[in-house]
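Undergrad: Dumping the structure here so I can ask a few things about it.
The values are calculated or read from the model by the stated rules, or taken from the named source; none is laboratory data. All values derive from a computational prediction rather than experimental measurement. Cβ placement follows ideal geometry from the backbone for every residue including glycine, while neighbour counts extend to all protein chains displayed.
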């Protein structure tokens, strides 16, 4: 009876397939690869194959034993494209505008900083794109009128006098303003409607360098100083501007702990130590002066360069050597005229660099209106004063009342008192009544402070 029922069901399903069967069923069956069968198992009965299948691995067991890649379980996520709060992400976008062959100077309203604040990357020559976002592109084709005038000035003087018309200059300025306004709108509207960068961008202080923090300025100053020490033979003969810094490099080197500027790794390398000991103090002062102004030392293809990691400006040191003679063309070769070979450490930064531009640094509080290099000098001055104050409490040897302790601190440039210890009188002994009076005053101040801060007395634990 069961066999008859099974036969009837099989015929019924066969009839349904022939009447209403889907055409994709045969194709799916044909696409299924044949299941591999080991030799000698075809002729054996099914029951015997099941009993003797212990020596071969079944399909289910092989799938269970197959290792699963770790990436499918815990995939590694990249950095988000929309991170207007991230200073590092902003610097990465700004770095793409660094090569002068990719991005030509633009007016301040549409310079590289403004594009990078809205999530744009430099993807081609004078072309920006929203990488990882809406993938839109904008070609920025505008040159400052100052640059056009400079190019025109290189032509014939007579032709320039003929073409020098105030109306033409006014039209050029009006055209430039119109182009700048249009590209200023495209900084936002160039993104697609659903792009997050169209809705919000970076804050105005995103370019600020956090050089006030000791955990930032100390290792960065050490890194810049050590990189420039390797270029000391190319720095010792340079004329640096500005001529004076406050505090001076001499004062900084004399009062900073040696561990702050020394290498923190590879201390066993005696060769580097010997090379550094051969550098004169005057050269070390020049090296520190360059480092305080935000420059790193680098070498590319045996060419010594100064590089800024904030504005990505690069300066070739060979052009500022005393014996450098630039190549001249034709009548321009005038040996009597001497060019200024001084290297201006501030002005050679790009105009939007925080080391030069106080607006881009956007400092607050006591440092408002100062550029990054001026803030770093203030931080160094305060750090030196702190080190001097600490040194007062670590003077070794007995000190009696009326004795004098010599110090090389001297008076500071702004008129503050000298930190030399002229005398250290002994503390007067207090009576018991005076001691109790001072204790009561301290306890009263603590109670008032506890009330202001909202501290409550804990209830004793109940048994």
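Undergrad: Which residue is surrounded by the fewest Cβ atoms within 10 Å (Cβ to Cβ), if the candidates are limited to region 294-305 and must be in contact (Cβ under 8 Å) with a residue 60 or more places away in the chain and assigned to a strand (DSSP E or B)?
TA: 299
Undergrad: From 416, 458, 432, 390, grab the single residue that is closer than 23 Å to residue 257 by Cβ, modelled with pLDDT of 50 or more and loosely packed, with under 11 Cβ neighbours inside 10 Å.
TA: 390
Undergrad: For residues in region 306-326 being under 20 Å from residue 341 (Cα atoms) and touching a helix residue (DSSP H, G or I) at 6+ places or on another chain (Cβ under 7 Å), which is surrounded by the fewest Cβ atoms within 10 Å (Cβ to Cβ)?
TA: Of everything passing the filter in region 306-326, 324 is surrounded by the fewest Cβ atoms within 10 Å (Cβ to Cβ).
Undergrad: Testing residue 91 on (1) farther than 20 Å from residue 195 by Cα; (2) exposed (fewer than 15 other Cβ atoms within 10 Å of the Cβ); (3) at pLDDT 90 or above, one condition comes back false. Which one is that?
TA: (2)
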